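One structure is given below, encoded as structure tokens.
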Amino acid sequence: MAHQWRGVVEEYRQWLPVGAATPVVTLREGGTPLLSSQWLSRSVGADVWLKVEGDNPTGSFKDRGMTVAMSVAVEQGARACVCASTGNTSASMTAYAARAGLRPVVLVPHGKIAAGKMAQAVVHGATVVQVRGGFDDCLVIARQLADRYPVVLFNSVNPMRIEGQQTAAFEVVDALGDAPDVHVLPVGNAGNITAYWRGYAAYADAGMTTRLPRMWGFQAAGAAPLVTGVVVSAPDTVATAIRVGNPASWASAILARDASHGRIDAVSDAQILQAQHDLATREGVFVEPASASGVAGLLLAARQGEVPEEARVVVTLTGHGLKDTATALAGSGSVVDSVIDADVHAAADAAGLV
Ligand code: F0G
């Protein structure tokens, strides 16, 4: 017990807007693995590390912001919470709401969120409202509900979410001893790229790092408004988590890109699914499709000759593969290779061992 990770509020309290009286609502999120990737290091000619955010309590990076936002909301007397979501924000908010005793309401695009994420909101006791529309429509409604009714908004437009999500950057620096040269991550509503950049900047200001990383964000090609510069009215991608056409943190994402001399580019669904497959079969890390887009983007940049030689690169893997098994298994035909009677010879034969 003495050495249990305490969750991001206690581990990084001095960096966060919480006071001594703030009741900390935590599932001991954060403290996620930073894995060296031999495969990617070889493939791109750099020193590549994977920040495995699927290992958070509800299976995505959202928990980092949720612990701060929920703690502050409870301190301020909130009774109910609302969010729009492609599935992970809602999974996280409902878990923290359950722990805090708040009533959770979630708005999700009808038929467009992965089954595992829907299950999370349901089992944590949320009222789940499916909206005929996309994430962007859901966010407009969530904002209006929070304006007109006694319910607190938990999307990343709630600044406490961004505050908490900075802790991932802190952990990277604490693990590596300095900021990486390049930080790669998927971009949807653009809260996370905003949060990492602020986190690195805060640590740099305090003299905790000697440099700032370039921020490399990747969107899915069918939902890439930050790449094209125009709102996408009907975003479409297999990576449902980042199916966002009008990111709330648009301006701060562009700021992170430009101030860091970074880039925000698009990757195709095929590249995303290939990266998901390769991560699972080469590294033993099962991520959801959206989470593979950073890896797909890094490989794309390498093919374009844009990965600086020997650079230290960190790629955030944002969410767990178990949230969306349907997409992961689609195209793999039968889930099992063969069905046999309970017999060792038949097993050896089926396994190709004879
Ligand atoms: N990866 C995953 C697995 C996500 O769920 C999200 C966002 C992102 C990446 C992109 O992060 O929005 O900060 O740029 N999911 C939101 C949600 C939209 O509702 O769960 P972002």
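The values are calculated or read from the model by the stated rules, or taken from the named source; none is laboratory data. Everything quoted here is computed from the prediction, not taken from an experiment. When we count neighbours, we look across all protein chains shown, and the Cβ atoms used for this are built from the backbone with ideal geometry, even at glycine. Side chains are part of the model used for accessible areas, which takes the heavy atoms of the whole protein and leaves out ligands, DNA and RNA. Shrake-Rupley method; radii C 1.70, N 1.55, O 1.52, S 1.80 Å.
The table below gives the values:
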{"item": "Residue ID - farthest from the chain's Cα centre (by Cα), chosen from residues in region 58-87 that are small (Gly, Ala, Ser) and away from the ligand (no atom under 16 Å from the Cβ)", "result": "Gly77"}
{"item": "Selection count where residues are away from the ligand (no atom under 16 Å from the Cβ) and either buried (at least 19 other Cβ atoms within 10 Å of the Cβ) or assigned to a helix (DSSP H, G or I) (or both), scope region 272-301", "result": "9"}
{"item": "Complete set of residues in region 88-117 that are open to solvent by 40 Å² or more (accessible area, probe 1.4 Å) and away from the ligand (no atom under 12 Å from the Cβ)", "result": "Ala98, Arg99, Gly101, Arg103, His110, Gly111, Ala115"}
{"item": "Members of region 20-57 that are more than 21 Å from the chain's Cα centre (by Cα), part of a loop (DSSP other than H, G, I, E, B) and touching a residue at least 24 places away in the same chain (Cβ under 8 Å)", "result": "Ala21, Thr22, Pro23, Val24, Gly45, Ala46"}
{"item": "Failed condition for Val315, given (1) within 16 Å of the ligand (Cβ to nearest atom); (2) open to solvent by less than 20 Å² (accessible area, probe 1.4 Å); (3) not in a strand (DSSP E or B)", "result": "(3)"}
{"item": "Residue tally, condition part of a loop (DSSP other than H, G, I, E, B), in contact (Cβ under 8 Å) with a residue 40 or more places away in the chain and either open to solvent by 30 Å² or more (accessible area, probe 1.4 Å) or within 16 Å of the ligand (Cβ to nearest atom) (or both), over region 150-205", "result": "12"}
{"item": "Matching residues, region 236-254, being in contact (Cβ under 8 Å) with a residue 60 or more places away in the chain and more than 11 Å from the ligand (Cβ to nearest atom)", "result": "Val238, Gly245, Asn246"}
{"item": "Subset of region 220-249 (residues that are crowded, with 22+ Cβ neighbours inside 10 Å and among the charged types (D, E, K, R))", "result": "Arg243"}
